[in-house]
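Heads up, the thing below is written out as structure tokens.
The values are calculated or read from the model by the stated rules, or taken from the named source; none is laboratory data. Just so you know, these numbers come straight off a predicted model, no measurement behind them. Because the Cβ atoms are built from the backbone with ideal geometry, glycine has one as well, and the counts that use them run over all protein chains shown. Remember, those area values only see protein heavy atoms, side chains included, never the ligands or the DNA or RNA. Shrake-Rupley method; radii C 1.70, N 1.55, O 1.52, S 1.80 Å.
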Amino acid sequence: MSGRGGGRDKPPVPIREHMAIDVCPGPIRPIRRISDYFPRRSPGEGPAQDWGGPCRPPAPLDTAPGAAEEGYDPEADSYDSDDTTALGTLEFDLLYDPDSCTLTCTVLRAKGLKPMDFNGLADPYVKLHLLPGACKANKLKTRTQRNTLNPVWDEGLIYTGITREDMARKTLRVSVCDEDKLTHNEFIGETRVPLRRLKPAQKKHFNICLEPQIPLASPSAMSAALRGISCYLRELEQAEQWELEERGRILLALTYSSERRGLLVGILRCAHLAAMDVNGYSDPYVKTYLKPDMEKKSKHKTSVKKKTLNPEYNEEFFYEIDQSELAQKSLEITVWDYDIGKSNDFIGGTTLGAGSKGERLRHWLGCLQAPDQRWERWHPLTNELPESSAFAP
């Protein structure tokens, strides 16, 4: 039987072939091999090629002859984008000044941020945290740029009271978030910079790709052995964070006066204190003790500074004591949040004495070994409450 145009009837197309034709239209694209991502090099070859930028992908593969047909873009398939490169890039500078004990982060700009709002844009801002430590106590934040994926801040954020010990062990977490007034703010991406990478008094420029947060593994997706290891590591991490948790910093001045035969303690200022009130601030004051204090007459208190996390006191207290006896004592410093009608909240504390370590020990020994000289040092405030101050008003 003849069809239209006098031709013969074509045999029916098998269902498998028909489905293959419908599902795979267009040219066949090349399939990447695992060796393309990890090229082998002979012993005589030089080091791996530098891609020339933080986000530049590997060079595309040579496409097949049929891949150059109309409608096929080889650049679109040259790299399989993931969340790391799709979040955008952030540019900032870091500068540590050891003389003033300040760490300055100048947030410059971001490019190609991930859209977070329905209009295809975002309202980005940058926040900083020093790790390990209490997040609320040391969080700094830029202003928000509205309706843009390429914001320019050019804003400086300054951490005060950063010592050389902090630079050796702490990490700066830089996060980019999207501000949402109706719901909670959304996380876009982050990067973390170990502060030991910085050289004193030398500005370092960073232009990096934002990375996603590392999610915790789901307990249901792990075996019993892995769940046990995960719980152990989590408890160990929490124990370490408990030991290292910081509630702010305090600037102290110590002078042993040989003329007055006593210790002069100066409470100068605090920085980045933990917020203890619902308004996001505290009403801090400082107490000092010279321990052991059998007669409990060594307590001194500063004035209360209202609604601040960075109070300035510039107050001095005097302890009449011989230099030989002072070597057997320790100076206990605690910071409290003043509350009316209820007990005051403990913010943080530190102790200087012969049993201290690191910068606290050097500060104490310097005062004892060089009388009539003023020694100023920054010290972190930890969440450990001294026993002598546990029930002190």
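Remarks
- Test: residue in region 358-377 that is at pLDDT below 90 and either of a type in the set (Phe, Trp, Tyr) or crowded, with 18+ Cβ neighbours inside 10 Å (or both): no
- The number of residues in region 162-211 being under 17 Å from the mean Cα position of the chain (by Cα) and part of a helix (DSSP H, G or I) comes to 8.
- In region 319-339, residue nearest to LEU352 (Cα to Cα) [restricted to those that are open to solvent by 40 Å² or more (accessible area, probe 1.4 Å) and in contact (Cβ under 8 Å) with a residue 60 or more places away in the chain]: GLN323
- Subset of region 130-163 [touching a strand residue (DSSP E or B) at 6+ places or on another chain (Cβ under 9 Å), surrounded by fewer than 21 Cβ atoms within 10 Å (Cβ to Cβ) and under 24 Å from ARG269 (Cα atoms)]: LEU131, PRO132, CYS135, LYS139, LEU140, LYS141, THR142, GLY156, LEU157, ILE158, THR160, THR163
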